[in-house]
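Readers should treat all values here as calculations from the given coordinates under stated rules, not as data from a laboratory. Note that the structure is a prediction, hence the values are computed from the model and not measured. When we count neighbours, we look across all protein chains shown, and the Cβ atoms used for this are built from the backbone with ideal geometry, even at glycine.
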Amino acid sequence: MTRPPEAGLLRFSRAVRWVHGVAGVLVLVLIVSAAVLYNSELQVLVGHRPVVEAVHVWSGVALPVPVLLGLASRSVRADAAELDRFTARDWQWLRSRTRRDGAIAVGKFNAGQKLNGSLSAGGGAVLLMTGAVMWLPDLTPLSWRTGATLVHDWTALAFGLLVLGHLSHALRDPVAMLGIRTGRVPVSWARSEHAAWAEELAGPAPDRRD
């Protein structure tokens, strides 16, 4: 049975929120430490370059851990599968210039969120692999390390911009932030932003006509 409307709809389980929170903190640490390593003025200001390098490397190594542990949870696997499922309605949503008017009934995640998830996962994998090549120089030839450094730097820039875009969108929607913080969102918001998902959990919207 679903919860009463006034209790809101469960959008994210505790396991999903845990994975998102821990991974998010690690990503922010990676971005900040990378900025210090690549910017000479920040290097002078912060100092302790070996410590910053160690923080950056081990944060990168740790990043897959919460995701892999989270896959033990059914809710995390379900959300991951939903993010990986692109439908005809998602393509329609992307092509629409009025995608935010609610005319296209969106599931639990809209197409933009699905793209963000795919790009984040792909970018993270590239950064992890190229970072490993750079971190273990004795195991790879110079040409590999040179190519890995170039790919790592440009992917890191693109990944950082993706994260900033994600944060920008999230901060403009306090109800979405409430969902990732507490797990629940108001039914009215769900019907407006993710109508198909809201109908699946709470049933069709009531007819307000007299």
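General remarks:
- Every condition in (1) within 25 Å of residue 13 (Cβ to Cβ); (2) among the hydrophobic types (A, V, I, L, M, F, W, C); (3) assigned to a loop (DSSP other than H, G, I, E, B) is met by residue 103 except one, and the failing one is (1).
- In the condition set (1) more than 23 Å from residue 169 (Cα to Cα); (2) crowded, with 17+ Cβ neighbours inside 10 Å, residue 30 is compliant with all but (1).
- Segments classed as helices (runs of 4 or more DSSP H), wholly inside the stretch 40-98, with at least 3 members that are surrounded by 13 or more Cβ atoms within 10 Å (Cβ to Cβ) and not β-branched (Val, Ile, Thr): 49-62, 64-70, 74-83, 88-95
- Test: residue in the stretch 183-195 that is among the hydroxyl-bearing types (Ser, Thr, Tyr), farther than 23 Å from residue 20 by Cβ and without any contact (Cβ under 8 Å) to a residue 12 or more places away in the chain: yes
- The stretch 140-180 - residue that is of a type outside the set (Ser, Thr, Tyr) and outside any helix (DSSP H, G or I) and, of those, surrounded by the most Cβ atoms within 10 Å (Cβ to Cβ): 173
- Residue 8, sole failed condition from (1) under 22 Å from the mean Cα position of the chain (by Cα); (2) surrounded by 15 or more Cβ atoms within 10 Å (Cβ to Cβ): (1)
Here is a yes/no grid of residues against (1) of a type in the set (D, E, K, R); (2) in contact with a helix residue (DSSP H, G or I) (Cβ under 6 Å, 6 or more places away or on another chain); (3) in contact (Cβ under 8 Å) with a residue 60 or more places away in the chain:
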position	(1), (2), (3)
65	no, no, no
74	yes, no, no
82	yes, no, no
88	no, no, no
104	no, yes, no
107	no, yes, yes
120	no, no, no
127	no, yes, yes
133	no, yes, no
